[in-house]
Amino acid sequence: MNRVVQLMTPLLKTILSKLLIAVLLLLPFPVMAKSDGQKPKAPSIGLALGSGGAGGLAHIAMLQVFDDLKLKPDQIVGTSIGAVIGVLYAAGLSAAEIHNIFDEFGGSSLDALSRLALSDAELNLSDIFTVDIENGGLIDSSAFLDFLAGKIDARTFKDLTVPIKVVATDYWTAETVVLDEGDLFAAIKASIAVPGLFSPVRRAERLLIDGGTSNPLPFNLLSDRYDLVVAVDVTGSRAPGDETEIDLTDVFFKTFEIMQQSIISARMEHHRPDIYIKPDTRNIRLLHFNRIKTITEQAKPAAEELKKQLSDFLGDEMRGSPKNSPSYRTERSS
């Protein structure tokens, strides 16, 4: 009997060891990432820059936050002024360089379409804008776009360092039109074609007007495609006593602003961006491009909030916190 036990012992040990290995292989051990000294892949970011006239210069302060944190969005979507600034950024300019461009141009002010004062004494109203009533607008924006084109090398969407989608609206169908190929400045011209101010733009069978009439903050174009969606709403705000006098142009432009805010509010009832920022740019009219310093100063609190939220997100992402945790999904509004 002892002899049998002695003979069976090695066999039992072999069987037991194989069973133990099999059991261990079936256990749900966590998979350890291979440590090769490489940094973890940065999370993808989609950035929506909204419509808002001169108040959209607040976008520059938000882009400065991206520069400060050494972040680049993987995709930009922009409407109207958001398209203008978004394209300049997507072409490789820094926030500071974009600020300088608008500081140069926006020593100008179009207030009630009565005058445009430029910081460069060699430029005047006729150099930048021409009346274009015959084509459905008071002003032809071509010279302004030529001014911008002189600041970057890109001429088509393919020339950009960051992909961008430019939003316009089909005048006939009221549909949002997303432009992301072909002539870059033709797309911008359509996106900024504020009804009654700038002339509509013909593109194939379409007649295109300002994207703010259908989608003033196009974060929906980014939904479920990026780890983080950031939306910057520059439609401004109003309060009794903000302005001592309200004239015809105020009523026209502020009514357009109210319409855009209603569209954004309705969209956000169904789906919200991960980070929603609305700079408080009071007393800024649609064409107050001469007030860039005031606008960017007013935008500082919103920029600080954006920096905090982006920093929190990056920290949570590296720690593996879930996307819908309270520390991730936050917002600020004025």
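Structure data summary
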item: Every residue from segment 64-81 that is surrounded by 24 or more Cβ atoms within 10 Å (Cβ to Cβ), touching a His at 6+ places or on another chain (Cβ under 9 Å) and either among the aliphatic types (A, V, I, L, M) or under 15 Å from residue 298 (Cα atoms) (or both); result: 81
item: Of all residues making up segment 195-235, the number that are at pLDDT below 95, open to solvent by 10 Å² or more (accessible area, probe 1.4 Å) and among the aliphatic types (A, V, I, L, M); result: 2
item: Residue under evaluation residue 185, criteria (1) over 25 Å from residue 273 (Cα atoms); (2) in a loop (DSSP other than H, G, I, E, B); (3) modelled with pLDDT of 95 or more, criterion not met; result: (2)
item: Test: residue in segment 279-297 that is among the acidic types (Asp, Glu) and more than 22 Å from residue 103 (Cβ to Cβ); result: no
item: Single unsatisfied condition, residue 281 versus (1) part of a loop (DSSP other than H, G, I, E, B); (2) of a type in the set (Ser, Thr, Tyr); (3) modelled with pLDDT of 95 or more; (4) surrounded by 21 or more Cβ atoms within 10 Å (Cβ to Cβ); result: (3)
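The values are calculated or read from the model by the stated rules, or taken from the named source; none is laboratory data. All values derive from a computational prediction rather than experimental measurement. Virtual Cβ from ideal backbone geometry, glycine too; neighbours counted across all protein chains shown. In case anyone asks, the SASA skips ligands and DNA or RNA and just uses the protein heavy atoms, side chains included. Shrake-Rupley method; radii C 1.70, N 1.55, O 1.52, S 1.80 Å.
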